[in-house]
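Report on the following structure.
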Amino acid sequence: MNTTTDTLAPLFQFLDHTLTTAQTTFDKLPGSAVIQRYVKSSHQNDPGRTLLELILIIFAIRTLLQSRTRADRNGSHFIKFTDKEIDELVDEWTPEPLGAPLSPSEESDLAALPIIAGPNGPKPKLLATGKVATNLASFNFTGLAGNEHIKQRAIETLRKYGLGSCGPPGFYGTLDVHMQLESDIADFLGTEAAILYSQGFSTISSVIPAFCKRGDIIVADRAVNFAIQKGIQISRSTIRWFDHNDLGSLEEVLLSIDKERKKRRSPLTRRFIITEGIFQKDGVMVDLPKLIELKYKYKYRLILDETYSFGSVGRTGRGLTELYNVPASKVDMLLGSCATGLASAGGFCAGSRTVVDHQRINGPSFVFSASMPALLAVSASEGINILRSTPSIFETLQDNIRAARAILDRIDCITVPSHSASPIIHIFVRHATPALLSPPSHATPTKTHHSHPTSILSAKDIGREAEYDAEERLLQEVVEEALTHGILVTRAKRLRGQEMVEPRPSIRLALTSALTKKETEKAVNTLKTVLVKVLGRKR
């Protein structure tokens, strides 16, 4: 007996040491005491339950360790089909369509799309009728489209450089004319540097994720355009929204973020305010001096999209910084479009040298997209030279805007929310209920309760899809009727189901300095007649 005990003694010592070590290690785990109390009380009150739980734990471990991809070699769990049955099943299968079929209204919109024959401009020729129409739809604010001097310089550049660049800027796609245009833009706006993008839409949607990353905070206007929305989504930053063009709401959101950070004792992160100069969706203009005041007060960086204000407002078209006499250096990232402002193509981001150089390495569109053709870069540089030397362009443009607004503001069946200096004028159907009217651009916000900052939807945006569909059909009638009178206008387009907030349907006018004041008044008066006729019939 002693011999047997002596033989097993080392085994017992090993087991005792192992159990002691396991017990000590388990006791060091957080919450181990709670588990011990639960097991002891459970076993004492119901030993059978302990056995059941042990079996379940073993079963769970076995299930997790078992291969789920092991093939069934015997094929006992598969239904066997004959070749004929397989062929029949394949013939009966109908794949899901890649896209939903077009609705009757969408098919009608495509059929009614006007096609220009020849060059576009203030009075293009329509392919369907062969007649000339007055163009109040194209973003030709300064009338540079079709400018003879620019056309000749483009031809010269085409003969010297050829057509395409055949590569992104970082892969031998950068030409001397691209660098010249960047220098011209920076000098024109008064910034240290500028960077050129070959597509206008991808400019802002590339700049935002180049700087804003996961953990950073973005505070954005609820009505920002689709390109900004995509950039915000790509960034994966924490998003807070403020009510459309309501800087009181913006300040409330900035305060709430600061309070939340202090409450949670979170570390400081990079923080950005993103908004537009003139909003694409309604032509409203932001109060830049007040915006910059809030930026400095709460220590945020400002990304300002001037796609529709660059080349359209200010004494020489420099945008909101010139209009409000604010140094461009106070805007961290100032973005604009060469397509709308200079009748060329692409976009740009202007700011400090550090901001620009960072984008050359980290801007997705700049790094991977082919640079713009040389002739478009030269055309944009020539456009800047014309804007510098001919400030009368913007005097004519503002005269036309005032003439158009004087007519539109007197029409009872519509409301115009756009700023009085905006060349983009949106026309909304006026509702009988005063609460649904859009406030004019000069009105001071009277709301005391603002929407929740974590949701892009405001209270008025919920449940209005059916109403928007009816307005859209009504406004399309106006567009088609105006075209029969020789006036080219357009309904503001939207991407159904893709935008974060469905924008309210509107007719969008784009005024130009290429038309005289008399021609503008005649065209807008014709549009007024059509609006009264179509909308009056439906009221």
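The values are calculated or read from the model by the stated rules, or taken from the named source; none is laboratory data. In this text, all values refer to a predicted model and were calculated from it rather than measured experimentally. Please note: Cβ atoms are built from the backbone with ideal geometry, for glycine as well, and neighbour counts cover all protein chains shown. Heads up: the accessible areas ignore ligands, DNA and RNA and are worked out on the full protein's heavy atoms, side chains in. Shrake-Rupley method; radii C 1.70, N 1.55, O 1.52, S 1.80 Å.
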Next item on the list: Please name whichever of 283, 364, 179 sits farthest to the positive end of the charge dipole of the range 148-389, dipole taken about the Cα centre and charges placed at Cβ: Lys and Arg +1, Asp and Glu -1.
Entry: 364
Notebook entry, point to check: Considering only DSSP beta bridges whose two residues both sit in the chain, what percent are antiparallel, to the nearest 5?
Noted result: 55
Notebook entry, point to check: Any idea what angle helix 465-484 forms with the longest principal axis of the chain, computed on alpha-carbon atoms, 0 to 90 degrees, nearest 10?
Noted result: 30
Next item on the list: Quickly work out the residue 233-to-residue 127 label distance, labels modelled 7 Å from Cα along the C-beta direction, and quote it in nm with one decimal.
Entry: 3.1
Next item on the list: Could you tell me the accessible area of residue 485 in Å² (1.4 Å probe, neighbours in place), rounded to the nearest ten?
Entry: 100
Check: What span do the alpha-carbon atoms of the range 148-389 cover on each of the three principal axes, reported in whole Å from largest to smallest?
Finding: 64, 37, 29
Notebook entry, point to check: So if R0 is 56 Å, what FRET efficiency would residue 50 and residue 92 give, r being the distance between their Cβ atoms, rounded to the nearest 0.05?
Noted result: 0.55
Notebook entry, point to check: Where the only charges are on Cβ atoms (+1 Lys, Arg; -1 Asp, Glu), what is the dipole of the range 148-389 about its Cα centre, to the nearest 20 debye?
Noted result: 1040
Item checked: Beta bridge orientation in the range 148-389: antiparallel %, DSSP, nearest 5 -> 40
Margin query: Between residue 264 and residue 32, what is 0.36 nm times their sequence separation minus the Cα-Cα distance? Round to one decimal in nm.
Written below: 80.7 nm
Check: Once the piece of chain linking residue 24 and residue 65 is laid out straight, how much longer is it, given 0.36 nm per residue of separation minus the C-alpha distance between them?
Finding: 12.0 nm
Check: Excluding residue 156 itself, what net charge comes from residues whose Cβ is under 14 Å from its Cβ, given Lys and Arg +1 and Asp and Glu -1?
Finding: +2
Next item on the list: Could you please state how large a percent of the accessible area of the chain is carbon and sulfur, counting protein chains only and using a 1.4 Å probe?
Entry: 58
Margin query: Testing the spin-label approximation: label points 7 Å from Cα along Cα→Cβ at residue 115 and residue 183. State their distance in nm.
Written below: 4.4
Check: When all protein chains stay in place, what accessible area (Å², nearest 10, 1.4 Å probe) is found for residue 379?
Finding: 10
Check: Along its principal axes, what span do the Cα atoms of the range 290-333 show, with the longest given first and each in whole Å?
Finding: 31, 18, 15
Next item on the list: Give the accessible surface of the range 148-389 per residue, rounded to a whole number of Å², with probe radius 1.4 Å and ligands, DNA and RNA excluded.
Entry: 40
Item checked: Scattering profile of the chain at q = 0.06, 0.08, 0.13 Å⁻¹ [log10 I(q)/I(0), Debye over alpha-carbon scatterers] -> -0.44, -0.66, -1.33
Margin query: In the chain, if the dipole is taken from +1 on Lys/Arg beta carbons and -1 on Asp/Glu beta carbons about the Cα centre, which of 419, 482, 247 is farthest to the positive end?
Written below: 247
